[in-house]
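The values are calculated or read from the model by the stated rules, or taken from the named source; none is laboratory data. Quick caveat: nothing in here was measured; it's all calculated off a predicted structure. Ideal geometry is used to build each Cβ from the backbone, glycine not excepted, and the neighbour counts take in all protein chains shown. Protein only, heavy atoms only, side chains kept; ligands, DNA and RNA dropped before computing areas. Shrake-Rupley method; radii C 1.70, N 1.55, O 1.52, S 1.80 Å.
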Amino acid sequence: MKRIFIGLQFPRAICDQLNNLKGGVIGANWIAYENYHLTLRFLGECDNNLLDDIYSALSQIRTCSFSIQLQGVNHFKKKGVIKSLWVGTVKNPSLIALKNEIDLMLQKINLKNEGRAFYPHVTLAKLYRSRLSEVAFFEQMNNLYCSKKILINYITIFESHSLKGGSIYQPLTKIPLRSS
């Protein structure tokens with residue numbers, strides 16, 4: 001069984017920019033450079049037969065290539081505790097359409113929707129007992145971040161490997177989007 005998710009990878013220049021945002025928050029477990037991605041859909045444990053069905057379903061996607069921009073810094077809370085720092089995206093109908101089409105294709109092979117709202121973002125750090133003042137300062141210092149436009153030509157199916165210091169995300173396959 002493999003732990004699987006579908007996401008977007010970024011070019012080296014964007015990963016360099018994201019990597020340069022690191023620092024200044026005690027208790028932050030910063031995401032490794034090679035792990036920057038935007039999750040479109042988490043699938044969880046999949047055997048090889050299900051993975052073949054996922055590949056086949058996603059190869060039918062009709063969404064055309066499009067561009068996105070990363071913008072702004074924010075955080076997620078769970079039960080009032082700040083858990084992560086992230087970079088968001090400029091509102092993008094094409095990205096939402098891609099997410100919806102992925103969900104539709106996966107429904108056709110009897111995979112249920114996640115049941116939670118989609119907030120497109122790139123996680124920068126997982127936080128453990130970080131001070132609100134440091135998080136607020138980090139956000140103020142970096143909230144004007146805005147990437148150049150990023151051309152999205154494909155989606156990636158990743159396998160997540162859990163290790164002691166965090167996870168490693170291994171791209172398994174890239175599924176091209178249609179030419180625009």
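Look through the stretch 119-133, keep the residues that are open to solvent by less than 30 Å² (accessible area, probe 1.4 Å) and over 12 Å from the mean Cα position of the chain (by Cα), and return whichever of them is farthest from E34 (Cα to Cα).
S130
Quick check, is K77 part of a strand (DSSP E or B), open to solvent by 70 Å² or more (accessible area, probe 1.4 Å) and in contact with a strand residue (DSSP E or B) (Cβ under 6 Å, 6 or more places away or on another chain)? Spell out how you get there, then give the answer.
Details: part of a strand (DSSP E or B): yes; open to solvent by 70 Å² or more (accessible area, probe 1.4 Å): yes; in contact with a strand residue (DSSP E or B) (Cβ under 6 Å, 6 or more places away or on another chain): no.
Judged against the criteria, K77 is not a match.
So, R116, is that one over 17 Å from the mean Cα position of the chain (by Cα), modelled with pLDDT under 95 and either surrounded by 15 or more Cβ atoms within 10 Å (Cβ to Cβ) or not polar (S, T, N, Q) (or both) or not? If you could, list the steps in order and put the result at the bottom.
Working: over 17 Å from the mean Cα position of the chain (by Cα): no; modelled with pLDDT under 95: yes; either surrounded by 15 or more Cβ atoms within 10 Å (Cβ to Cβ) or not polar (S, T, N, Q) (or both): yes.
Spelling it out, it is not the case that R116 is over 17 Å from the mean Cα position of the chain (by Cα), modelled with pLDDT under 95 and either surrounded by 15 or more Cβ atoms within 10 Å (Cβ to Cβ) or not polar (S, T, N, Q) (or both).
I'm checking my understanding of the structure. Among residues of the stretch 93-113 that are touching a Leu at 6+ places or on another chain (Cβ under 9 Å) and not in a helix (DSSP H, G or I), which one is surrounded by the fewest Cβ atoms within 10 Å (Cβ to Cβ)?
Of everything passing the filter in the stretch 93-113, K112 is surrounded by the fewest Cβ atoms within 10 Å (Cβ to Cβ).
How many residues does the stretch 82-124 hold that are more than 21 Å from S180 (Cα to Cα), charged (D, E, K, R), without any contact (Cβ under 8 Å) to a residue 60 or more places away in the chain and in contact with a Phe, Trp or Tyr (Cβ under 8 Å, 6 or more places away or on another chain)?
Adding up the residues that qualify gives 1.
Does T156 satisfy being in contact (Cβ under 8 Å) with a residue 12 or more places away in the chain and open to solvent by 10 Å² or more (accessible area, probe 1.4 Å)? Before the answer, list the steps.
Details: in contact (Cβ under 8 Å) with a residue 12 or more places away in the chain: yes; open to solvent by 10 Å² or more (accessible area, probe 1.4 Å): no.
Here the answer is no, as T156 does not meet what is asked.
Collect the residues in the stretch 80-92 that are among the β-branched types (V, I, T) and either at pLDDT 95 or above or surrounded by 15 or more Cβ atoms within 10 Å (Cβ to Cβ) (or both), keeping them in residue-number order.
Start the filter on the stretch 80-92 by keeping residues that are among the β-branched types (V, I, T), which leaves 81-82, 87, 89-90.
I82, V87, T89, V90 - these are the residues of the stretch 80-92 that are among the β-branched types (V, I, T) and either at pLDDT 95 or above or surrounded by 15 or more Cβ atoms within 10 Å (Cβ to Cβ) (or both).
Where residues in the stretch 134-153 are touching a Ser or Thr at 6+ places or on another chain (Cβ under 7 Å) and part of a loop (DSSP other than H, G, I, E, B), which of them is surrounded by the fewest Cβ atoms within 10 Å (Cβ to Cβ)? Outline the logic, then answer.
Initial filter on the stretch 134-153 (touching a Ser or Thr at 6+ places or on another chain (Cβ under 7 Å)): 149-153.
Okay, now just the ones that are also part of a loop (DSSP other than H, G, I, E, B), so 149, 153.
Numbers: K149: 11, N153: 14.
Filtering first and then ranking leaves K149.
Out of the stretch 28-39, which residues are open to solvent by less than 30 Å² (accessible area, probe 1.4 Å) and over 15 Å from L70 (Cα atoms)?
Initially, the stretch 28-39 is screened for residues open to solvent by less than 30 Å² (accessible area, probe 1.4 Å), giving 28, 31, 35-38.
Answer for the stretch 28-39, where residues must be open to solvent by less than 30 Å² (accessible area, probe 1.4 Å) and over 15 Å from L70 (Cα atoms): A28, I31, N35.
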